[in-house]
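Student: Here it is, the structure in full.
The values are calculated or read from the model by the stated rules, or taken from the named source; none is laboratory data. Bear in mind that the values here come from a model prediction, so they are computed numbers and not experimental data. Glycine gets a Cβ as well: all are built from the backbone with ideal geometry, and neighbour counts include every protein chain shown. All accessible areas refer to the heavy atoms of the entire protein, side chains included, with ligands and DNA or RNA removed. Shrake-Rupley method; radii C 1.70, N 1.55, O 1.52, S 1.80 Å.
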Amino acid sequence: MGYFGNVFGGFGSLLSGMSVTLRKFSQTVIRRKAVTMQYPKELPELAPAYRSAIKLIRFEESNSHDCVACKACERICPSYCIKLSGGKVEGIKKKRVAEFEMDFALCSLCGLCLDVCPTDTLEYSKVYEEAGYNRDWRVDLLAEFRDYEEEFVAKQRVIEEKAAAEKKAKAEAAKKAKEAKKKAEADEKADNDSKEELS
Amino acid sequence: MSSDSQASEGEVYSLNMGPQHPSMHGVLRLLLDLRGEEVIRAKPVIGYSHRAHEKMAENRNTLQFLPNTSRVDYLSGMIYNLGYCQAIEKLLGIDVPERAIYIRVIVNELNRIASHLLWFGTFLLDLGGITPFLYSFDDREEILDILDQVTGSRLTYCYGRFGGVTWDVDETFLTRATAFLARIRERLHMYKQLVTDNVILRERCTGVGVVSEALAKSYGVTGPSLRASGVAYDVRKAEPYGGYDRFDFEVPVLHEGDTMARFHIRIREIEESCKIIEQAIEAIPEGEILPKKMPKRFKLPEGEYYFAVESARGHFGMYIVGDGSDIPVKLKLRTPSFSNLSAMPETLAGTMLADTIAIVGSIDVVMPEIDR
Amino acid sequence: MPQTLTQLLDGSVLAMPIAAGLIMGMLTVNVLMLVWAERKVSAWIQMRMGPTEVGPFGLLQTLADMLKLISKQLITPSNVDKPLYHLAPLLAFAPVVAAVALFPFSESTILVQNDYGLLFVFAFGGIAVIAIFMAGWGSNNKYALLGAIRSVAQNISYEVPLILSALSVVLVVNAMGPTLSSGDGVVAINGLDLSHIVMTQDQQGIWFVVLQPIAAIIYFISALAETNRAPFDIPEAESELVAGFHTEYSGMRFSLFFFAEYTNMLIVSMLAVVLFFGGWDGPVLPGPAWFFLKSYAVIFVMMWVRWTFPRLRFDQLMTFCWKVLIPLSILNLLATAFVIAVL
Ligand code: SF4
Ligand code: SF4
């Protein structure tokens, strides 16, 4: 073979490569198999695990979040992107967060804050159109909750009062039961005593 | 350099390639001394994407360092992320549930394939073939989508936790991964037709940039680049970690040490990774993905520890010095690309300018990993 | 002699401007279409979509790009060799326009009739090398200089097989007979006249690609190299030399290079059509239509090749030329001459 063998062998390999590209070409043209997603016209389907900026969950029963301002997330966050404050709220026992600022420009989407949250009130949001005109990506996570806060407090008060009442009732019941038991015991004892006496 | 030797070398001029150059893989800068098109000396200059990950590790607790790991090497972020978890687990004696072990192996190998595919594409781009680049990115995109399903991110994963992973895989994930294996096998056949058999590629790569076994060993070259030089060293086999000893796979070795050998090794590694994934999908048990009992704080015992994993580019080691608190005194990351690149000045001397691009492309450097 | 456009306009002062305007208009449209086509072809080969937004099928995308390039500020980097730097784009641009005028689009549509058209086309092609070298040298940039050096070496080398393969066709044409019947009656055959080459194929009823397949392949390969197209795009190898000789050019100057490059593609494929594919010869459709259809088919193959292969290395390129193409084309030429002599 030698010289000509090399030349023609090489030529053959080139043709086989060209057959591949021609095949792809015709596939794209005839079967319209382009892989491009025409983004603003079609939108991607997000995976359930998709991670974007964190946000507070709105729970069904309370119609609000459940952050107790424990600051565990603020402490664990490796990117220092959470700033929150809060504490005791007038009228209810439960602590509430008053300010919750999250700087999404810094967030590394590690999910550590989700892991440590004692009330599991954090989750990833699904926003992905994150282009902006400046670097300021601080979001007030409480914005969507503020209007409901009073409602929540009212509700919570009811719940707490109810709980307190229940607790009180329970305590009383327990006390009563205890007293009753004591009485019964005492009665029994008296009975026994009298029996003993009798015998 | 004295003027004498300059005269004896003829007309030598220096060319500054990078850090902004189309084929310098991020921000590598090569100072080349050229005579005509022949490279006389090559000097890599690094440090353009230094982010002080090691220093950051000294200022935060072990858990908080997790998101950093995948940013060290964003192309095999999963391997780095899980590797770090495995190091800490071994150190603290945390048992990983069976299911988590298998999940980790699957996502690790998927990530390895993705990284090799990206290398394949960019390497061909360096050689001037643009179409294979887009084909391989199409395949890689599929992997990223699959991984996105469970990790929620596409590149800088923070999927691992000490003791397990954050999100359980479901049937869809497993079927998609299986489907992908079939797809990539078919595509590898196509790549062979389009690229591997191509006479131009063979001419460009064969015998170019030979890294001898001795040279590779002396610079601590690892990963596919080392295995192309005839050393069968793979951390997954040499010091099995994370359950790799349960799987049946080979470590491909070639002896030529040239660019073509490095090319073939990576293609064959993709096949081997497919084998591992297949076995793992078959054998994955039901169960928990995180251990039930976990320490509250991950305090590092006093002393020095070393743990290594095989990343897509080679031996990635973590040298941890603990002092009893949960903040490491020192966390040194031994990244493979750094050593691989160190062997370049000797390899590049005497080659053509176009070969330089091909050779640097073939060792698959990721600059942020070198700079850390 | 066929009636040519210049003859039609002969005597009018407007002859030159009209001819020039016609060519420029045609070439501009051609370049716009070619760039669009290249983007579409590459996209489809790579399973993408290519331009879709501007105009139907993104057809106006390149027009928009051109407007953008024209409206850009002309930047002259400091330390360039000003005369060379400014002159190079014009020098790259002018000869390709001149070369196009020589082509016979049909028997009667020839802008400039010249008995030695083939030689002139090659000669104009040679000027492009000077322009590229001026650009590379004048830019005062190492990448540009390297690109220019590569380009000169490559273009000069590949002109040899290019011309040799064309010569084998010329031999065949001349062997077809001492005379040729054309529109004006019987004329002496002249293998260097582009329209004679086509007419011979027309009258013999055979395309020269059949008689000279090896010459056709060699011609095609050398034409790729002449036009700096992949896999021979070494002078502007973007992964090695950033943008090669036009690294320092932007705006309108860059577009002139671009224009020259794509027009060059048209020229070599038109020449291929003339030499090997029977020129305007074809049923039903008018001559120019066939001529351009065939040219664009050749251009499609060039694009297809470009989007398939990686790039050769510079020394391999030269080896390939001197050790494979030139011996083969000389052999082919000798064999042709031998066969003609025997017959
Ligand atoms: S995901 Fe990580 S970086 Fe982002 S806010 Fe939570 S802890 Fe901080
Ligand atoms: S950890 Fe949860 S409850 Fe505590 S402050 Fe953060 S969000 Fe609120």
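Student: Give the cross-link partners of residue A:24 among the lysines, using a straight C-alpha distance below 28 Å as the criterion and excluding same-chain residues fewer than 8 apart.
Tutor: Within the straight-line limit of under 28 Å, residue A:24 reaches these lysines: A:33, A:41, B:192, B:275, C:40, C:294.
Student: Same structure again: Could you please state how large a percent of the accessible area of the range C:73-342 is carbon and sulfur, counting protein chains only and using a 1.4 Å probe?
Tutor: Values: 6940 of 9560 Å².
Of the solvent-accessible surface of the range C:73-342, carbon and sulfur hold 73 percent.
Student: Relative contact order of the range C:73-342, please, whole-number percent, based on alpha carbon pairs below 8 angstrom and at least 6 residues apart. Can you show the working numbers first?
Tutor: On the way: 413 pairs, mean separation 69.8, N = 270.
Relative contact order for the range C:73-342 comes out at 26 percent.
Student: What percentage of the solvent-accessible surface of chain A, computed with a 1.4 Å probe over protein heavy atoms, is contributed by carbon and sulfur atoms?
Tutor: 56
Student: May I ask you to derive the FRET efficiency for residue B:20 and residue C:338 from their Cβ-Cβ distance with R0 = 45 Å, giving the value to the nearest 0.05?
Tutor: Working: r = 57 Å, r/R0 = 1.26.
Step by step, r from the Cβ atoms, then E = 0.20.
Student: Would you work out if the range B:52-135 is rounded, prolate or oblate? Take a ≥ b ≥ c from the square roots of the eigenvalues of the alpha-carbon gyration tensor; rounded if a/c is under 1.5, else prolate when a/b is larger than b/c, oblate otherwise. Could the numbers behind the result be given before it?
Tutor: Working: a/c = 4.57, a/b = 1.72, b/c = 2.66.
Note, shape of the range B:52-135 comes out oblate.
Student: Let me ask something else about it. Using 0.36 nm per residue, how much length does the chain from residue B:202 to residue B:238 gain when fully extended, once their Cα-Cα distance is taken away?
Tutor: Details: separation 36, 0.36 × 36 = 12.96 nm, distance 3.18 nm.
In short, 9.8 nm is gained.
Student: Using a 10 angstrom cutoff on alpha carbons, build the Gaussian network for chain C and name the most mobile of C:204, C:113, C:212.
Tutor: Highest fluctuation among the options: C:204.
Student: Relative to the longest principal Cα axis of chain C, at what angle does helix C:251-276 sit, 0 to 90 degrees, rounded to 10?
Tutor: That helix lies at roughly 20 degrees to the long axis.
Student: How far apart, in nm, are the 7 Å Cα→Cβ label points at residue B:275 and residue C:74?
Tutor: About 6.4 nm separates the two model spin labels.
Student: Remind me, relative contact order of the range B:229-300 in percent, using alpha carbon pairs under 8 angstrom and six or more residues apart? Could you put the intermediate results ahead of the total?
Tutor: Numbers: 43 pairs, mean separation 20.8, N = 72.
Contact order relative to length: 29 percent.
Student: Moving on to the next point. Measuring from label point to label point, each 7 Å out along Cα→Cβ, what is the residue C:204 to residue B:175 span in nm?
Tutor: In this crude spin-label approximation the distance works out to 6.4 nm.
Student: Residues of the range A:31-57 with amide nitrogen under 14 Å from the 7 Å Cα-to-Cβ point of residue A:144?
Tutor: Backbone N within reach: A:52-57.
Student: Also: Probe radius 1.4 Å, ligands and nucleic acids left out: can you give me the accessible area buried at the B-C interface, summed over both chains, in Å² to the nearest hundred? Could you put the intermediate results ahead of the total?
Tutor: Working: alone 15250 and 15690 Å², together 28430 Å².
That pair hides around 2500 Å² of surface in total.
Student: Within 10 Å of each Cβ in peptide A:107-119, how many partner chain Cβ atoms are there on average? Round it to a whole number, please. Can you show the working numbers first?
Tutor: Details: counts 1, 9, 7, 15, 10, 7, 0, 1, 4, 1, 0, 0, 0.
Per residue, the average neighbour count from other chains is 4.
Student: Are there any GluC sites (Glu not before Pro) in the range A:133-175 that are in a DSSP loop and have at most 15 other Cβ atoms within 10 Å? List them by number. Don't skip to the answer; put the middle values down first.
Tutor: On the way: sites: A:144, A:149, A:150, A:151, A:160, A:161, A:166, A:172; in loops: A:144.
Taking the range A:133-175 and a limit of 15 other Cβ atoms within 10 Å, the loop GluC sites (Glu not before Pro) found are A:144.
Student: Still on this model: Place a point 7 Å from the Cα of residue A:155 along the Cα-to-Cβ direction; which residues of the range A:73-103 have their backbone N under 20 Å from it?
Tutor: A:87-100
Student: Using only the alpha-carbon atoms, how far is helix A:2-31 inclined from the longest principal axis of chain A? Give it as 0 to 90 degrees, nearest 10.
Tutor: With rounding to tens, the tilt is 50 degrees.
Student: At 222 nm, what value in deg cm²/dmol follows for the protein assembly as shown if DSSP H runs of at least 4 each add -39500 (n - 2.57) and the sum is divided by all its residues, to the nearest 500? All intermediate terms of the calculation are to be shown ahead of the outcome.
Tutor: On the way: 34 runs with 496 residues, N = 914.
When only DSSP H runs of four or more count, the value is -17500 deg cm²/dmol.
Student: If the rule is a partner Cβ under 4.7 Å, which cysteines in chain B fail it?
Tutor: For chain B, the answer is B:85, B:205, B:274, because their Cβ atoms have no other cysteine Cβ under 4.7 Å.
Student: Right, next: Taking residue B:330 as the anchor, which lysines have their alpha carbon closer than 30 Å to its alpha carbon, excluding any fewer than eight residues away along the same chain?
Tutor: A:71, A:83, B:43, B:55, B:90, B:217, B:237, B:292, B:293, B:296, B:299
Student: On the full set of protein chains, 1.4 Å probe, figure out the accessible area of residue A:73 and give it in Å² to the nearest 10.
Tutor: Accessible area, nearest 10 Å²: 10 Å².
Student: I've got another one for you. Need one value: the accessible area of residue B:189 in square angstrom, 1.4 angstrom probe, rounded to the nearest 10.
Tutor: Roll a 1.4 Å probe over it and residue B:189 shows about 120 Å².
Student: Please list the non-local residues whose amide H lies under 5 Å from the amide H of residue B:311, H modeled 1.01 Å from N, same-chain partners needing a gap of 5 or more.
Tutor: Placed amide hydrogens put B:316 under 5 Å from residue B:311.
Student: How much FRET efficiency would the formula 1/(1 + (r/R0)^6) give for residue A:131 and residue C:18, where r is the Cβ-Cβ distance and R0 is 51 Å, rounded to 0.05? Please list the in-between numbers first.
Tutor: On the way: r = 51 Å, r/R0 = 1.01.
Efficiency, rounded to the nearest 0.05: 0.50.
Student: Something else now. Under the 0.36 nm per residue contour assumption, what length would be gained going from the current alpha-carbon distance of residue C:284 and residue C:116 to full extension?
Tutor: Values: separation 168, 0.36 × 168 = 60.48 nm, distance 2.99 nm.
Gain on extension, residue C:284 to residue C:116, equals 57.5 nm.
Student: Another question, then. Looking at the range B:26-93, which GluC sites (Glu not before Pro) are in a loop (DSSP not H, G, I, E or B) and have at most 15 other Cβ atoms within 10 Å? Write out the running numbers ahead of the final one.
Tutor: Working: sites: B:37, B:38, B:54, B:58, B:89; in loops: B:37, B:58.
Loop-located and lightly packed - B:58.
Student: Then there is this: In the range B:265-372, which GluC sites (Glu not before Pro) are in a loop and have at most 10 other Cβ atoms within 10 Å, using DSSP for the loop call?
Tutor: Working: sites: B:269, B:271, B:272, B:278, B:282, B:286, B:288, B:302, B:304, B:310, B:346, B:369; in loops: B:286, B:288, B:302.
Answer in residue order: B:286.
Student: Return, ordered by residue number, the residues of the range B:263-298 whose backbone nitrogen is under 20 Å from a label point located 7 Å along Cα→Cβ of residue B:245.
Tutor: Within reach of a label on residue B:245: B:276-277, B:279-280, B:283-285.
Student: Net charge within 10 Å of residue A:148 by Cβ-Cβ distance, Lys/Arg positive one each and Asp/Glu negative one each, not counting residue A:148 itself? If you can, show how the numbers build up before the last one.
Tutor: Details: positive: A:58, A:146, A:155; negative: A:144, A:147, A:149, A:150, A:151.
With Lys, Arg at +1 and Asp, Glu at -1, the net is -2.
Student: Rank C:280, C:86, C:110 by how far each Cα sits towards the positive end of the charge dipole of chain C (+1 on Lys, Arg Cβ; -1 on Asp, Glu Cβ) and give me just the farthest.
Tutor: Farthest along the dipole direction, towards plus: C:86.
Student: Continuing with the same structure: Buried accessible area between B and A (1.4 Å probe, both chains summed, ligands and nucleic acids excluded), in Å² to the nearest 100? Show your work: numbers first, answer last.
Tutor: On the way: alone 15250 and 15350 Å², together 28440 Å².
Buried area (both sides, nearest 100 Å²): 2200 Å².
Student: Taking 8 Å as the Cα distance limit and 6 or more residues as the minimum spacing, I'd like the relative contact order of the range B:3-369 as a percentage. Could the numbers behind the result be given before it?
Tutor: Numbers: 692 pairs, mean separation 91.9, N = 367.
This gives 25 percent for the range B:3-369.
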